[in-house]
Structure formats: C-alpha cells, structure tokens
Amino acid sequence: MKKDQDRTPLFDAIREYDARHPAYFRIPGHRYENGIDPKFREAVGDEIFKMDLTETPLTDDLHNASGAIKEAEDLASELWESDYTHFLVNGSTCGNQTMIITAANNGQTVCIPRNAHKSALMGLTLGGGRPVYIMPQIEEEWGLHGGITPAQVEEMFAKYPECRGVMVVSPTYYGITSDLEGIAKVCHAHNAVLMVDEAHGAHCYFSDLLPKGAMQAGADMCVQSIHKVTGSFTQSSMIHVKSKLVDRSFLEANLHLVQSTSPSYLLMASLDMARHDMAMRGAQMVDDASRLAIAARAEINNIKGIRCAGKELEGRAGIYRLDETRLTISAAQIGIRGFDLKKMLFDEYNVDVELADYRNVLAIVTFANKKEDLDRLVDALKDIAARFKDGQPLPPARQLPPQPEYVISPREAYFAKKKRIPWAEAVGKVSAEMIAPYPPGIPLIYQGERMSQEVWDYLEEVRQRKGHMHGPSDVELNTLQIIE
Ligand SMILES: Cc1ncc(COP(=O)(O)O)c(C=O)c1O
C-alpha cells in the first residue's frame, strides 16, 4: 500500500517531546535553549535548539530504528524507490565507505572508478578491499571526465572475474551520468553489485527532464547527499538499497562502524523534512529548476566568447546523459581560466559558483534557485565577455599520465612502515600517500602505487606553479612519504 508522504514522523516526534517539556537530565548539556551562548541564541532563535535532542523514549534510535526514524526512513525508501533506506549523519562520505566495505573486504576485489571521491579510498583502507581501477574516458573539448561504459566494465570482469562489486560516480559533479542500466546488467551477469555514488543525484528522480536515478536504473546500492541538491542540512545523506545480493545485516553493521553513536537529530529531522518537501513539491520545483537552467544555458551560449556545456556532450566519452541543472561554463575562448572566472564572478559581481577547474566554472542550479539568480549570473558573464573580448584562446589542458603500477592495497599501504624522502627522489618508490592535484581532483597516484616518471613529471609541473593538491602531508610536496 502506498504510504502517506504527507507524514513527518521524526519531526512530529521531536515536536511532541518538546511539547511535554520534561525535566531534562540527558545529553545534550545545553538543556534546550538555556545553555546556549546568548549571542548565538539571539541570532538563531530558540526553536532549533529545542530540536537538538537525543534518543528519548519518543525519538527512536538511528542505530536500531524501530519507531519514528524507521518510519521516516521507510517514507524515504518509497520516494527514492529502494527496498530499504538508512539516514546518514556523516554525509555520503560514510555511505561510500559502507558500500565498499560491504561489497568487498579483506583482499576481495572491487572495481573503483579513478574519479571516485576520496571516501572510496577510505572505504578500501577501512575494509581492506583490493581495488581494480577503471578510468572514465576524458571529454577533450571541455577537459571533463566522461562516463564509464558497460563495455569497460565487461572488459574489467574478463580480467578480474572474482570482482564482487563495481562503483560508479553518476552523476558526477558536472552532471555527467554513465549508462547505469547497461552496467547493472553486466554486474548482475557476474553476480556482482553495482554501487552508485549518487551524491549529486537525489533530485534526478523528480523530473523527466533529468537522467534516471540509480535505483530506477537497476543499481544495488546508492548514496545520496540529500544536502547537496535538496533542502536538508549539510552532512545529512541517505543510503538506498534495492538488491538480493546485499547482506543487509552486514551493511547495517558497517553503518555502525562509520557513524557517530550520537547522531544529530537536527540532521535527521532535516532529512525527514527534505523528503517531505520533495514528495509534496519536488516534481514541480525540480522541473522548474531544470527549465531555468536550460533557459540560462541558451542565453549563455548566445554570449560571444562564453560557452555552457549541454546535451551535445551526450554520446561522447562514455557520457550517457547530462543533468542540465549543472551549468559548466567556459570563457577559455577569450583566454580566461576557470579559476580566474570564479574569482572575478565573486569579487566583482557577487556571484558565487560551486567550483572552478582550468577551463570551466560550475554553477549548480537547484530547486531553490530563482530566475533572478540566473539573471545575475548571465548578466555578469555578458559583462565579462565584453571586457575581455580580445582575449586569446587558452591552450588545451595537459593530458593526464597513465595509471601507475599497483603494488600493495590501500589498506596495507596505510598501515605500512613509512619514511619521508625528498620529492626529487620519488620516482620508482611506492607512495604512502594519495596525491590528487586539483583540478581535476582525480588521484594521479594512490597510496600503495609506484611513482612513475610520467606521474612525477605531471605533479612536478603542478608543484612548480604552486597548484593545489589533495592528499600529501607535505602540501608543498618538497618531500613524499613512501613505503619502506
Ligand atoms: C562525488 C562525491 N561523492 C561523495 C562526496 C561526499 O559527500 P558528503 O559531502 O555528503 O560526505 C562528494 C562531496 O563533494 C562528492 O562530490
């Protein structure tokens, strides 16, 4: 029977508890609003603090849900079309860790895309899975990572028939999806699970203008940062499961492993309410957001010297479909790097976009944006294009080096004895550190891989121009930790 999506069980339980206003001898110590710094309270108001509760008799327990939280999770499960769903209070980061540990551990093989978020590496480190990597194809014109294809996954299984699961990031930050239906078929033919990092895709279930969601496309598990694309608080996410291949009790044990024993009721209530909002108004609002973004894209593409990537990407570089609410904008034709465009938009026009890479900036349009926001973005771009109209096109970004040799697993490398050596001596050594220059934000080397000359040369160039790098403990990369 269909559930009543107008219910808000966790929110209601919290309000009911507040209405009773018991003499309070539990954690948290602030005892509702009384113990809050007056300046903070004045700025925020009282109500939010009254909702910052714990596992009272009315408010259930995330780690063994059977009451209000369970009902809230079941409502979310229905809305996002899973068999069952769990709320997450440590972001999609802990969801990705859980998926990977559940699919493969202790030397079992798991396939990870090379553009995976670093939480995937954490999952490998915690669980001891043995990764085989798939490199998404590169879309040369925009310098973006494209999709993973079913053929690539089939090829991987031919080499590693023992592989127990495949992770795919879909949609990516830039809204690029892979052919999940095709990949799910390949995985299931090999009795392996498809795990989708859908951190950026919870809204896809609500409009035909967007790509299909992972649960709709046959994935076994997916993780969504509800906070990234709908109205919940930062750090609140969900994991959805729809599969006969996933061991539910093991997955739930792994969730205990990676989450706090004091989960925030503010985060969980915000998940309940974001689900409610999406159920009530989501379809209309996501549709409106898509149309706003599509209209803005057309306007941006009419500005001489500036371009916004669109549907023409579909079919190239493994790109299955594009989520058009992501606006990838480039002023490379008039010589402006993405980093500089982002800075200029904020400093000079008060327009703040999500991220920049060498060629592009990325603006995320959600159901909460108004046309006025997009008008301000378009007007700023028009002005910039006029100011820089004589600029010369940027040279293409440098090609990424080939994947280095795998020597030991990320977990073995993490716990191995290490020593620090001068960066200049690193070629040929097994790195104890992951290094991901940003952009593209893809690790060029993982812990446990051998430093090749090509990877060293690429990183050296980033180091020389003081580019930003994720991973190394010496941020200037004058030294590197290696496995002894
Ligand atoms: C693709 C992808 N996966 C996972 C995450 C982690 O999500 P969260 O911030 O919800 O922990 C991010 C964060 O940016 C991401 O971009």
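Here are a few things to note about the model shown:
- Between MET268, MET285, the distinction of being at pLDDT below 95 and either not assigned by TED's automatic domain parsing to the domain that holds ASP379 or not acidic (Asp, Glu) (or both) belongs to MET285 only.
- All conditions but one from (1) touching a Cys at 6+ places or on another chain (Cβ under 7 Å); (2) surrounded by fewer than 24 Cβ atoms within 10 Å (Cβ to Cβ); (3) under 30 Å from THR366 (Cα atoms) apply to MET156; the one that does not is (3).
- One residue stands out among those in segment 360-370 that are of a type outside the set (Val, Ile, Thr) and surrounded by 24 or more Cβ atoms within 10 Å (Cβ to Cβ): the one that is farthest from GLN392 (Cα to Cα), which is PHE367.
- Within segment 99-117, the set of residues being more than 14 Å from the ligand (Cβ to nearest atom) and either outside any helix (DSSP H, G or I) or surrounded by fewer than 19 Cβ atoms within 10 Å (Cβ to Cβ) (or both) comprises ALA104, ASN105, ASN106, GLY107, GLN108, THR109, VAL110, CYS111.
- Answer residue from segment 159-180, given it is within 16 Å of the ligand (Cβ to nearest atom) and part of a loop (DSSP other than H, G, I, E, B) and is nearest to VAL361 (Cα to Cα) among those: TYR174
- Condition met for LYS39 (surrounded by 14 or more Cβ atoms within 10 Å (Cβ to Cβ) and among the basic types (Lys, Arg)): no
- Qualifying residue in segment 79-87 (condition: away from the ligand (no atom under 16 Å from the Cβ), of a type in the set (D, E, K, R) and within 27 Å of TYR205 (Cβ to Cβ)): yes
- With respect to being buried (at least 22 other Cβ atoms within 10 Å of the Cβ), more than 21 Å from ASN64 (Cα to Cα) and under 22 Å from the mean Cα position of the chain (by Cα), SER236 falls outside the description.
- Extreme residue, modelled with the lowest pLDDT, among residues of segment 220-231 that are surrounded by 24 or more Cβ atoms within 10 Å (Cβ to Cβ) and over 16 Å from THR93 (Cα atoms): THR230
- When each of GLY305, GLY231, GLY310, GLY315 is tested for being out of contact with any Lys or Arg (no Cβ under 9 Å at 6 or more places or on another chain) and within 30 Å of GLY335 (Cα to Cα), the lone residue that passes is GLY315.
- Looking only at segment 215-246, residues that are within 16 Å of the ligand (Cβ to nearest atom), in a loop (DSSP other than H, G, I, E, B) and not hydrophobic (A, V, I, L, M, F, W, C) come to 7 in all.
- Residue count for segment 118-133 under the criterion of being surrounded by fewer than 21 Cβ atoms within 10 Å (Cβ to Cβ) and either more than 14 Å from the ligand (Cβ to nearest atom) or part of a loop (DSSP other than H, G, I, E, B) (or both): the result is 4.
The values are calculated or read from the model by the stated rules, or taken from the named source; none is laboratory data. Just so it is clear, the model here is predicted, and its values are computed rather than measured. Using ideal geometry, Cβ is built from the backbone for each residue, glycine included, and neighbour counts are taken over all protein chains shown.
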